[in-house]
1. So, in segment A:128-141, exactly how many residues are under 26 Å from residue A:202 (Cα atoms) and either touching a Ser or Thr at 6+ places or on another chain (Cβ under 6 Å) or in a helix (DSSP H, G or I) (or both)?
2. Tell me the residue from A:13, A:21 that is under 20 Å from residue A:169 (Cβ atoms), aliphatic (A, V, I, L, M) and assigned to a strand (DSSP E or B), please.
3. What number goes with the only condition from (1) in contact (Cβ under 8 Å) with a residue 24 or more places away in the chain; (2) more than 14 Å from every other protein chain (Cβ to nearest Cβ) that residue B:127 does not pass?
4. Inside segment A:98-127, can you point out the residues that are assigned to a loop (DSSP other than H, G, I, E, B), more than 13 Å from every other protein chain (Cβ to nearest Cβ) and either touching a residue at least 12 places away in the same chain (Cβ under 8 Å) or polar (S, T, N, Q) (or both)?
5. For segment A:23-43, name all the residues that are over 23 Å from residue A:187 (Cβ atoms), within 18 Å of the chain's Cα centre (by Cα) and in contact (Cβ under 8 Å) with a residue 40 or more places away in the chain.
6. Scan segment B:76-108 for residues that are closer than 30 Å to residue B:211 by Cα and among the small types (Gly, Ala, Ser) and jot them down.
7. Yes or no: residue B:176 of a type in the set (A, V, I, L, M) and more than 10 Å from chain A (Cβ to nearest Cβ)?
8. Select the helices (runs of 4 or more DSSP H) contained entirely in segment B:81-135, then report the ones holding at least 2 residues which are touching an Asp or Glu at 6+ places or on another chain (Cβ under 7 Å).
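Every read-out reported here was derived from the displayed coordinates using simple, explicitly stated rules and does not represent laboratory data. As the structure is a prediction and not an experimental result, all values here were calculated from the model. FYI the Cβ positions are ideal-geometry reconstructions off the backbone, even for glycines, and counts take in every protein chain you see.
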Amino acid sequence: MTDPTPKIRIRGVKKAFGRKVVLDGFDLDVGKGESVVIIGGSGTGKSVALKCILGLLEADEGSITVDGREVVHAGARVHEEVNSKFGMLFQGSALFDSLPVWENVSFGLLAEKRVNRTEAKEIAIAKLAQVGLGADVSELSPAELSGGMQKRVALARAIAMDPEIIFFDEPTTGLDPIMADVINDLIVKITRKVGATALSITHDMASAHKIANRIAMLYEGKIIWAGPTEDIDHSGNAYVDQFIHGKAEGPIKMAVRA
Amino acid sequence: MNFLQPIGSIFLGFLTSVGRLVQFTISALSHTVRPPFYPRIIIRQMIDIGFYSLPVVGLTGIFAGMVLALQSYTGFARFSAEGAIANVVVLSITRELGPVLAGLMVAGRIGASLAAEIGTMRVTEQIDALTTLSTNPMKFLVAPRIVAGLITFPFLVLVADIIGVFGGYIVAVYKLGFNPSNYLQNTWNFLQAEDVNSGLVKAAVFGVIVTLMGCYHGYHSRGGAQGVGMATTNAVVSASIMILCSDYILTEMFFAGI
């Protein structure tokens, strides 16, 4: 947690919705080129943390800097500039239904007017090839694709603008184990290829083991453990042990009604 | 004093909603005049809102005109004032029934469709995805729809006016035995430019109201399918009520001195 030149630096972030406190002093550093995975149970604030970094939600307190630029309480222009460094793979893919696959992939390029439509389509087809999809899917609508293919298209869209930082929100949720492993392999391959910094959130431990250099566990709005991936199996932290082994008994109490 | 608490809570909730709507309206309208503009989306929305609403508006107009002629005849015949039917039909249609009925019908069709489309985009994180792809959702989703509503509603009402007057003509000539040329002469002589113009101004205002309400409720929808369903209902109900309220205010402004 003490990288001297963090790409993303998060300190004391708090976020509440009404009386429900979701983040309560959240600290994390993500170094350049590093792949950090935040693990934690459902409803522990993983997605909220990611949305605070992206500026989709405003943190109530604390500091989030990206390459040294503060994004908490920053204006729209700062968010636009900082967000141009980001690529994001959403949990449900979040592809635009009204656009064909290739326009989904090259949406950011067209929005920033970096290229014309012909070039955008060529880039989209090249990015689709990187995630193992042929040019034949480029004209299809997202609704015509399977869940795994939609995830690949979303991954192609996340890397289309060659981002410096890529966020992965539950990248393997809803996929069968083989497709989940394919997506994990693609994430590893692509982040290494573009040299991007990656911040992922998941509760899939197989995925975390595969894509992370470092893992941090979020519980009750705070990071309660962080360390190299290889250390997580002997972290010495009862919360982490319960979570990674998926045990019902332990210090983490789930609100279950009989 | 506890009984005051829910009243205060409801009042605060109401003020919050009004504030949020005013803020949304200012932001949406300001984005309609600030670049970047999306002409392709505006044209597509004009086709959706305008062209595809023509059958609904046409049917509404023709039956409104026919009923008006029939009702006026049964009432006016008691005073031997059947000759005034052409005047009543053209005035009622151009000043009131054309804009209001067309506005209400299109509010049902377009308000619901916009709220459902944008609401679905909200709950499937497509709006968040837009933000991460350097695109302001207010500019990309809301502003083009408002511009399309502003431009197309007056055309729709003009069509409703013409077809409505034609409906009155059909009943007067073929059912009530009026002389066709006299009927048309009476219609033309009594019609003034301000009657049509006031209706078209009302239509433009209704166009903004319908699209704004559809976008607003869709944009703030929460909680999956149920949230989108509620947004759809609220969009149609609020747009319909606002059309009727603003109709009175605009009528007062145009014709108070007459």
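1. First pass over segment A:128-141, keeping only residues under 26 Å from residue A:202 (Cα atoms): A:128-133.
This time we only want the ones that are either touching a Ser or Thr at 6+ places or on another chain (Cβ under 6 Å) or in a helix (DSSP H, G or I) (or both), so: A:128-130.
The number of residues fulfilling the criteria is 3.
2. Working: A:21 fails: under 20 Å from residue A:169 (Cβ atoms).
From the options A:13, A:21, the qualifying one is A:13.
3. (2)
4. Keep residues of segment A:98-127 that are assigned to a loop (DSSP other than H, G, I, E, B), which gives A:98-100, A:106, A:112-116.
Now restrict to residues that are more than 13 Å from every other protein chain (Cβ to nearest Cβ): A:100, A:115-116.
Scanning segment A:98-127 gives A:100, A:116.
5. To start, the set of residues in segment A:23-43 that are over 23 Å from residue A:187 (Cβ atoms) comprises A:23-27, A:43.
Next, only the ones that are within 18 Å of the chain's Cα centre (by Cα) stay: A:23, A:26-27, A:43.
The answer is A:23, A:26, A:27.
6. As a first pass, look at segment B:76-108 and keep what is closer than 30 Å to residue B:211 by Cα: B:89-108.
Residues satisfying the conditions are B:92, B:98, B:102, B:103, B:107, B:108.
7. On the way: of a type in the set (A, V, I, L, M): yes; more than 10 Å from chain A (Cβ to nearest Cβ): yes.
Answer is yes for this residue.
8. Working: elements: B:85-92, B:98-106, B:112-123, B:126-132.
Here the list reads B:98-106.
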